[in-house]
1. Take B:Glu134 and A:His103, extend 7 Å from each Cα along the Cα→Cβ direction, and tell me the distance between the two endpoints in nm.
2. Going Cα to Cα from B:Lys305, which aspartates and glutamates come in below 15 Å? Please leave out same-chain ones fewer than 8 positions away.
3. For region B:307-359, run through the chymotrypsin sites (Phe, Trp or Tyr not before Pro) and keep only the ones in DSSP coil with at most 13 other Cβ atoms within 10 Å of their Cβ.
4. FRET efficiency for B:Val6 and A:Leu22, Cβ-Cβ distance as r, R0 = 35 Å, nearest 0.05?
5. Anything over 28 Å Cα to Cα? Flag those among B:Lys135/B:Lys166; B:Lys350/B:Lys430; B:Lys103/B:Lys131; B:Lys149/B:Lys482, in the order listed.
6. How large is the dipole of chain B about the Cα centre if only Lys and Arg carry +1 and Asp and Glu carry -1, each at its Cβ, rounded to the nearest 20 debye?
7. Measure off 7 Å from each Cα along the Cα-to-Cβ vector at B:Glu97 and B:Asp424, then give the distance between these two points in nanometres to one decimal.
8. How high is the FRET efficiency between B:Leu241 and B:Lys472 when r is their beta carbon distance and R₀ equals 51 Å, given to the nearest 0.05?
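Just so it is clear, none of the values below were taken in a lab; they were calculated from the coordinates. Keep in mind that what you see is a predicted model, and the values were worked out from it rather than measured. Reconstructed Cβ throughout: ideal geometry from the backbone, glycine too, with neighbour counts over all protein chains shown.
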Amino acid sequence: MAAYPAWDQDSARMIVAGLAHLEGATLPILHALQDEFGYVDPQAVPLIAEVLNLSRAEVHGAISFYHDFKTTPQPRRTIKLCRAEACQALGCETVVDELSRTHGIAVDSHHAGDAAVETVYCLGNCALGPSALVDGELIGRVDAARIAGLCQHGRAQ
Amino acid sequence: MSATPVRIFVPVDAAALSVGAEAVAQAVAREAIARGLSVEIVRNGSRGMLWLEPMVEVETAEGRIAYGPVAAKDVAALFEAGFTSGGAHALRLGKTEELDWMKRQQRLTFERVGIIDPLSIADYRAHGGFKGLEKALALTGGEIVEAVKASGLRGRGGAGFPTGIKWKTVHDAKAEQKYIVCNADEGDSGTFADRMLFEGDPYLVIEGMTIAAIAVGATRGYIYLRSEYPHAHRTLLRTILKAEAAGMIGASVMGSQHAFHLEVRLGAGAYICGEETSLLESLEGKRAIVRAKPPLPALQGLFGKPTVVNNVLSFAAVPWIMDHGAQAYADYGMGRSRGTLPIQLGGNVKRGGLIELAFGITLREIIEDMGGGTLSGRPIRAVQVGGPLGAYLTAEQLDVQMDYEALAAMRAMLGHGGIVVFDDSVDMAKQARFAFEFCAKESCGKCTPCRIGATRGVETMDRIIAGAEVPKNIAVLRDLSKLMTDASLCAMGGLTPMPVLSALNHFPEDFDRPPLPLAAE
């Protein structure tokens, strides 16, 4: 669904400058860059380091620590599938197996296509699992067929 | 009379949305227009009966009548049946307040959730909002701290430390800047109370944080919210703007000389940020590496300044305490666990959701009476209490009361009040393996027992599952668990052995495996 513009160093610089006044601005900046471009290009590292008066290592360290931040362009759609205990109790691992066996979709493997399914641990929908988060919307009681269908979204028929 | 629109409530809670509440709200609007009916659709929080979502309520002269679970395709028939005046229909559940699930509860923190429009300050005020803050503004910081101490409130994040004592430390500290930090990194599987509160009654948390700020003399606050909660994030951003515009927070809290500036910050997918010191590191913009304590965050917290770090539910309990008095709160509960606990029931359970009750109800009452047993209809085999670091209990152990000490006495923990039910298809050796795998993925990496121990744990469990030298490997597993428990820097590594050892001790048959046959052909 989200179609991101290509990385642009000038607009990245503006985003960084606009948030630099915040206390502990690193995460808000990284989120803002990722919201804009779908990922945080390594070119952002020296930019952020300079504006926030940090070393490049510190900025790189923050980016690489958090699961959310991606450093390469991402597929148009990422489906976050919960595989924490409550969803396990409701069969999320069966969904993962079936996605692989029946639909050829390997969870957490990098996809060349325009959709990917990745693991998250808990979406706070523990009474209506298995759950997935797709384009910011929570889906309850999901099965493999529904997720496979969501992966097809936006593809040429 | 006919000019007064009928109020129809369709939840905007993420769990309700996850099973189609948005389509239902749209269908209700369409049908009302098509029939020329005057209706006001209120997007409320969830009442917590998640198996009945989307649950639609209609305000009638005799009270609110619930219908559910409603699918968009049911809406036309509901109008046909006259549901706008409480008409009979197969989905009609009756008066919401009189449903068994609701009647049994003691809702203090969640008293408004599902009832009010979460974004409406007028609605919040009309249902008792701001009363705690108004009373707090008439007191000194020290008096507020004393009231919180007297209430017996203990941190609802899991550790159960007395909230008033933490506040006293920050109150007594001398500094030009102090902070209030709300730990909303609700990462434990089986917990969703924070999310429901943010989506159903967000001003309550802001009010609780503001009272904390006045109590200790802090002027800045942050809500650190996990990124897995985009709905709650949107609600909070709007709520904070509205609270500022209404003069509830900002340069002058409700016209007083107290300033309190509040921001919401998003995490970035790291479970460890639920640990208070790593949360502070993350707020400062760093890798979320756990800090050694001391120094306590109460003395050297965010940016090295005295900081109150509390869970969402801890802050949310405070306005009620200030409004009704410390003793009224302390009158609920048992032993040293005072007040109420929002219990979250999930996993393989027929009727899952949120229940707020005084401490002391048994696990069995919750799972069997309220929850109706497993969703699959198969026997209950294991119940995990207190999140991924909590113990797995057997079906025979469920008569334990929900209380910090009672659970600790059986080597389990209450945590944030989450309960996850498993039926007899669960493989407890695999659950033990998962506990290590989760720890390996989510460890901050600072201390060796957690960082390396978790990976060794996965390897050991793989050998046990393969049936390789099982007794020897179980000895390794116990040794490793002891080391992680004793030597880890924080609860992540220190408690990972709890689910592992409880699985091993209570379900030994799942670990006693014959060697796997070599792959055929």
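1. Roughly 5.3 nm, to one decimal.
2. Candidates past the 8-residue exclusion: A:Glu23, B:Asp172, B:Glu176, B:Glu276, B:Glu281, B:Glu284.
3. Within region B:307-359, no chymotrypsin sites (Phe, Trp or Tyr not before Pro) qualify (loop, at most 13 other Cβ atoms within 10 Å).
4. 0.20
5. Distance filter (> 28 Å) returns B:Lys149/B:Lys482.
6. Around 1060 debye, computed over chain B.
7. Taking the two extended label points, one gets 4.4 nm.
8. Computed FRET efficiency for B:Leu241 and B:Lys472 comes out at 0.25.
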